[in-house]
């Protein structure tokens with residue numbers, strides 16, 4: 001729903017055997033939930049009644065941090081009010097508290113004061129002194145205009161349809177894609193223009209045409225391209241090789257030079273290794289997963305990192321076959337990257353656009 005303001009356990013050796021032997025990631029592996037989930041920082045489901053950082057007074061200071069190289073803005077009490085990462089256009093701003101949930105599919109809730117937005121230019125050291133940034137910051141610091149999180153939840157189950165001035169639905173409950181001939185699996189390669197049902201001409205002049213049977217469908221990378229590209233206006237490639245900007249597939253995005261690699265792909269292919277340190281993640285990061293050995297060394301899934309839920313777990317939203325569309329739900333495996341659940345074990349890298 002849109003944001004409101006204001007099982008048996010498998011032994012690790014069995015999991016590895018399943019990963020190595022099966023052509024598919026089996027249902028049993030997907031049942032391997034959070035058996036060792038850490039007691040992460042607790043988040044109280046009590047929204048801050050103050051207007052986030054927008055109304056804060058007192059001295060504010062700019063500070064440089066490393067790993068990754070970034071600039072943060074601190075308030076008078078030392079709290080972080082905004083974060084800007086060198087080479088990335090993504091900014092995380094402190095603002096009014098919101099709750100994101102999807103009660104039909106999960107008990108997980110995210111109560112957050114983080115607002116994720118795109119700046120007009122990638123951040124560089126000292127950009128806080130430049131006029132383009134001053135103008136942008138004045139407009140968006142404390143603004144309640146839809147950010148990346150708000151946009152993403154406009155496509156989950158039950159989200160209402162929104163239409164543009166020409167009557168084209170640009171938001172509302174999306175599906176992952178139509179069934180294949182077997183009636184079990186679903187077709188992938190459903191991009192934002194399929195959802196919209198209109199041709200789209202990219203910046204390099206390439207025009208892509210929607211397929212009627214895929215109307216209102218978004219696969220995992222199509223969902224990210226809808227949110228970041230069509231809605232938030234991040235440049236998009238027509239394919240993985242044509243044009244410039246965010247590529248078409250999860251693997252293309254993971255290996256692209258756009259943005260900043262916060263967690264790099266490591267280890268021998270095709271499975272690579274699970275990152276040991278995920279504390280470097282920031283709300284709004286793209287998360288990449290290796291889920292199927294049949295695809296060789298390709299990353300198979302991409303998600304949007306939301307941060308901590310009210311139980312202290314690191315959660316995400318993505319478009320998935322099991323739920324048939326965008327979700328932060330539990331069907332097919334809980335949407336967490338901490339612990340030993342399905343997606344947590346298959347998480348491989350992260351990027352900040």
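Readers should treat all values here as calculations from the given coordinates under stated rules, not as data from a laboratory. Nothing here was measured: the structure is a model prediction, and the numbers come from that model. Note: ideal-geometry Cβ built from the backbone for every residue, glycine included; neighbour counts use all protein chains shown.
Side notes on the structure shown:
- If you wrap the Cα atoms of segment 52-152 in a convex hull and average its projected area over all directions, you get 7.3 nm².
- The residues 335, 97, when put in order of fewest to most other Cβ atoms within 10 Å, stand as 97, 335.
- For segment 175-235, the square roots of the Cα gyration tensor eigenvalues, ordered a ≥ b ≥ c, give a/c of at least 1.5 with a/b greater than b/c, which places it in the prolate category.
- Shape call, segment 298-353: gyration tensor on alpha carbons, a/c limit 1.5: rounded
- Least to most buried among 195, 170, 215, 343 (fewest other Cβ within 10 Å first): 215, 170, 343, 195
- Listed by Cβ neighbour count within 10 Å, with the fewest neighbours leading, 85, 61, 71 appear as 61, 71, 85.
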